[in-house]
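Here is the structure we will look at.
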Amino acid sequence: MASGFKEGNGTVGRIQPVETTTLVCGMLARQVELLDAAASVMEPVLGSIAFRSETIPFTFTEYYRDEMGASLLRQFVAFRGCFDPADLAATKRHTNRIEARFSVRSGQRRVNLDPGYVSAAKLVLATTKNYAHRVYLHSGIYGEVTLHYRGGRWKPFPWTYPDYRSGRYKAFFTRVRAALVEQRDAPT
C-alpha cells in the first residue's frame, strides 16, 4: 500500500459479484442491407441476436455526415446471454475491426458500431474518445455511463448524446432491461 494510506474505520469493503448485463450495439449506416450485414458479422463472435430495434432515420446530429454521408439509419441489436462488463474494451476493439472491413479504400466508414451494455441500472457505451466523464478501460477504450434507469424510466446525463437523450430508443432499452431482469430473477 502507498505510504500514509489509511483504511478508514479499519473495515475492508467486500468485493461483490459482477452485475448481470446484456451486450448491445448501436449501428449506423446508409442502407438497411449494411446494418444487416454488420449484425451478421458480429454474431459469430458476440453471440446470437436476441432483439433488434426498429430502423429509424438518424437526424439528431450532422457529426457523421462528412465521413458516412447523409440519410443515415440507426438500429440497435441486443445479444443473447449474459455479458461480462470486463469484456467491453475487447468488444469495442472487435467492432472497430468490423467497421474497418466495411470501410471504403480511403478509410471512410460505411458502418458505425457502438457496443455497450445494459444493466438493471444503466446503459454503458464504449468509445475511443477520452473526456472528463469517461473512464479508461484498457487498450485505448473508454466507458461512458450514457443513461441511467431510475423511477421506472431511462434518464440522461448532461453529457448524453442528443439521440439517446431524445427518448427515441427508450422502448428498445426497456425491452432489453426487462428481459435481463427476468433472466436474473428466474429461479435456478
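None of the figures in this text is laboratory data; all of them are computed from the coordinates on show. Please read all numbers here as calculations on a predicted model, not as lab measurements. In this analysis, Cβ positions are derived from the backbone assuming ideal geometry, glycine residues included, and neighbour counts consider all displayed protein chains.
Using Cβ counts within 10 Å as a stand-in for footprinting exposure, how do MET68, MET27 rank, fewest first?
Ranking MET68, MET27 by Cβ neighbours within 10 Å, fewest first, gives MET68, MET27.
For n ≥ 4 DSSP H runs only, could you compute -39500 (n - 2.57) per run for the chain, divide by its residues and tell me the 222 nm figure to the nearest 500?
Computed ellipticity for the chain at 222 nm equals -8500 deg cm²/dmol.
Quick one: 3J(HN,Hα) in Hz for segment 118-125, Karplus 6.51/-1.76/1.60 with θ = phi - 60°, rounded, Gly and Pro as x.
Working through the residues one at a time gives 10, 10, 5, 10, 6, 10, 10, 10 Hz.
What's the longest piece of the chain with no exposed trypsin sites (Lys or Arg not before Pro), counting a site as exposed if DSSP puts it in a loop and it has at most 14 other beta carbons within 10 Å? All intermediate terms of the calculation are to be shown ahead of the outcome.
On the way: sites that count: LYS6, ARG14, ARG105, LYS129.
Answer from the scan: 15-104.
Can you list the residues, at least 5 places off or on another chain, whose amide H is less than 5 Å from the amide H of THR146, using H built in the peptide plane?
LEU123, VAL124, LEU125
Compute the acute angle (0 to 90°) between the alpha-carbon long axis of helix 170-185 and the principal axis of greatest extent of the alpha-carbon atoms of the chain; round to the nearest 10°.
Approximately 40 degrees, to the nearest 10.
Within the chain, how many Lys pairs that are eight or more residues apart, or on different chains, come under 13 Å at the alpha-carbon?
4
Let me know the charge dipole size of the chain about its Cα centre in debye, to the nearest 20, where only the beta-carbon of Lys, Arg (+1) and Asp, Glu (-1) is charged. Don't skip to the end; give the middle numbers.
On the way: 26 positive and 17 negative charges, 60 e Å.
It works out to roughly 280 debye.
In segment 1-108, which chymotrypsin sites (Phe, Trp or Tyr not before Pro) are in a loop and have at most 11 other Cβ atoms within 10 Å, using DSSP for the loop call?
Details: sites: PHE5, PHE51, PHE58, PHE60, TYR63, TYR64, PHE76, PHE79, PHE83, PHE102; in loops: PHE5, PHE58, PHE60, TYR63, TYR64.
In loop regions of segment 1-108 (DSSP not H, G, I, E or B), the sparsely surrounded chymotrypsin sites (Phe, Trp or Tyr not before Pro) are PHE5.
Based on the alpha carbons, how large is the Rg to Rh ratio for the chain when Rh follows Kirkwood?
Working: Rg = 18.0 Å, Rh = 17.8 Å.
Value, to two decimals: 1.01.
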